[in-house]
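Working notes, structure below.
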Amino acid sequence: MTASTAPAGKGPRKGSHRQNQVDPLAPLRVPDDPPWDVYLTGTVFLDIIFTGLDSAPVRGTESWARGMGSSPGGVANMATALARLGLRTSLAAAFGDDHYGDYCWDALEHGEGIDLSPSRTVPGWHSPVTVSMAYEGERTMVSHGHEPPPEEPAPECPPRARAAVASLAPGVSAPWIAQAASKGTRVFGDVGWDDTGAWELAALPDLRHCEAFLPNAEEAMRYTGADCPRAAAHALTEYVPLAVVTLGADGAYAVDRRTGETAEVPAIEVEALDPTGAGDVFVAGFVTATLADWPLADRLAFAGLTAALSVQEFGGSLSAPGWSEIAGWWRKVQSVQGQSATALRRYGFLAGLVPEKLARPWPLRRAVPTIGFRRSA
């Protein structure tokens, strides 16, 4: 099966862009629901992405890129992916007191409909910046930033939400995670590379508050000492009810300790242009499908699909797919001659979910915003 993405424009204020969105949680919504579907916190970067490089930059030379884009990055990748999938998303982040910070705030609040009421602008603090150079399906990144004040960005009391995505770090405990879990928020734990080299699950104290843990294969094996990612997933369920291990080009594997259920879904074969943010998109897809109460295999398939769509475009939040892209892909793959009936059945749950009116011509290119253009009169 193949994948692609479609354009995303800047929408109206305060989430009204969702009037034309699929609401995957619509059958489950009741009047006393939490105000937000997902809460998350972290650092927002300004991402500047150079595309169309023939090779990696060479020391002592000047390289010209055929394209350039800019977008909010860092935790904004996850927030954007969640919002584009129709979830009511609230973000607590520190924003720089500069034009970059203003741009990121506007793009997230007005363009994506993300709630930024827990966020704040830090006077005198400049926005962290990442420059990403994409070439031959790889990327090289250079980042710069100053530490925000200690109290930024997470508030002491997170807002009530169905779910939260927490970035776990060795030796670090974030009080908001335990507070959110105590209020019934379902916490999904993400993790990065352990620069300490210890790889001890005991060093992730907030893992005990998580419903699900979503490492990649290498991380899962290092944390558990298992010799294969599937064995690592089973070992992780001693610490967390649901373990999801991403397997790169081989897809993903999950184990639910509470039900005894396991699931494995192969990846969709795509020509990847830029993997930036693909992991965030996968987590966003899995959180969305979990909150919608789908079967475990469907959750993995949906997460893998959204990630596959994202890597076919450049950038992090720029490439996060919405329902128009999903609908366009689903309609297209059904029309491909000789398409595997088994593969189509794997994604058959989309048939009752995506309305035909959202299926645009496919593929379409996503608009790439650039800072600084004046609007014509």
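The values are calculated or read from the model by the stated rules, or taken from the named source; none is laboratory data. Since the model is a prediction, treat every value here as computed from it, not as a measurement. Please note: Cβ atoms are built from the backbone with ideal geometry, for glycine as well, and neighbour counts cover all protein chains shown. Areas reflect the complete protein model, heavy atoms only, side chains present, ligands, DNA and RNA absent. Shrake-Rupley method; radii C 1.70, N 1.55, O 1.52, S 1.80 Å.
How long is the gain from ASP250 to ALA343 if the chain were fully straight, where each residue apart is worth 0.36 nm and the alpha carbon distance is subtracted?
Working: separation 93, 0.36 × 93 = 33.48 nm, distance 1.46 nm.
Length difference between fully extended and current span is 32.0 nm.
Based on Cβ point charges of +1 for Lys and Arg and -1 for Asp and Glu, what charge dipole magnitude is obtained for the chain about its Cα centre, in debye rounded to the nearest 20?
1380
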With Rh as the Kirkwood radius over Cα pairs, the chain has Rg/Rh of 0.94
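State, to one decimal in nm², a quarter of the convex hull surface area for the C-alpha atoms of segment 264-338, i.e. the direction-averaged projected area. It would help to have the intermediate numbers written out before the result.
On the way: hull surface 20.9 nm².
Approximately 5.2 nm², given one-decimal rounding.
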In the chain, carbon and sulfur make up what percent of the accessible area (probe 1.4 Å)?
52
Given H placed on each backbone N at 1.01 Å, which residues far from LEU247 in sequence or on other chains put an amide H within less than 5 Å of it?
ALA252, TYR253
Please list, in chain and number order, the residues 5+ apart from CYS210 or on another chain whose amide H is under 5 Å from its amide H, with Hs placed from the backbone.
none
How far is it, in nm, from the label point at SER117 to the one at ARG160 when both lie 7 Å from their Cα along the line to the Cβ?
1.2
Antiparallel content of DSSP bridges confined to segment 199-317, in %, to 5
75
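Above 14 Å lies some portion of the pair distances; for segment 231-293, what is it as a whole percent of all C-alpha pairs?
Values: 1240 of 1953 pairs.
Percentage above 14 Å: 63.
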Mark the label point 7 Å from the Cα of HIS146 along Cα→Cβ and return the residues of segment 25-49 whose backbone N is within less than 17 Å of it.
44-46
As an exercise, use a Förster radius of 41 Å and the Cβ-Cβ distance of ALA297 and ASP227 to find the FRET efficiency, rounded to the nearest 0.05.
0.95
Rounded to whole Hz and in sequence order, give me ³J(HN,Hα) for segment 204-214 from the Karplus expression 6.51 cos²θ - 1.76 cosθ + 1.60, θ = phi - 60°, writing x for Gly and Pro.
10, x, 7, 4, 5, 8, 8, 7, 9, 10, 10
Can you give the log10 of the normalised intensity I(q)/I(0) at q = 0.19, 0.20 Å⁻¹, computed with Debye over equal Cα scatterers of segment 172-314?
-1.17, -1.28
About its Cα centre, what dipole magnitude does segment 256-303 give when the only charges are +1 on Lys and Arg Cβ and -1 on Asp and Glu Cβ, stated in debye to the nearest 20?
260
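Roll a 1.4 Å probe over the protein chains and send me the accessible area per residue for segment 166-223 in Å².
So segment 166-223 comes to 44 Å² accessible per residue, rounded to a whole number.
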Residues whose modelled amide H sits under 5 Å from the amide H of ASP47, counting only those 5 or more places away in sequence or on another chain, are SER71, GLY73, THR130
Over its Cα atoms, what ratio of radius of gyration to 2.2 N^0.38 Å does segment 294-359 give?
1.12
How large is ³J(HN,Hα) for each residue in segment 291-308, as worked out from phi by the Karplus curve 6.51 cos²θ - 1.76 cosθ + 1.60 (θ = phi - 60°), to whole Hz, x for Gly and Pro?
5, 7, 6, 7, x, 4, 5, 5, 5, 5, 4, 5, 4, x, 5, 4, 5, 5
Tell me the trypsin sites (Lys or Arg not before Pro) within segment 51-118 that lie in a loop according to DSSP and have at most 10 other beta-carbon atoms within 10 Å.
ARG59, ARG66
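Mean 1/r over all different Cα pairs, inverted: what Kirkwood radius does segment 110-232 give, in Å? Show your work: numbers first, answer last.
Working: mean 1/r = 0.0583 Å⁻¹.
Evaluated over segment 110-232, this radius sits at 17.2 Å.
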Return the sequence-ordered ³J(HN,Hα) values of segment 250-255 in whole Hz as given by the Karplus equation 6.51 cos²θ - 1.76 cosθ + 1.60 applied to θ = phi - 60°, using x for Gly and Pro.
8, x, 7, 9, 9, 9
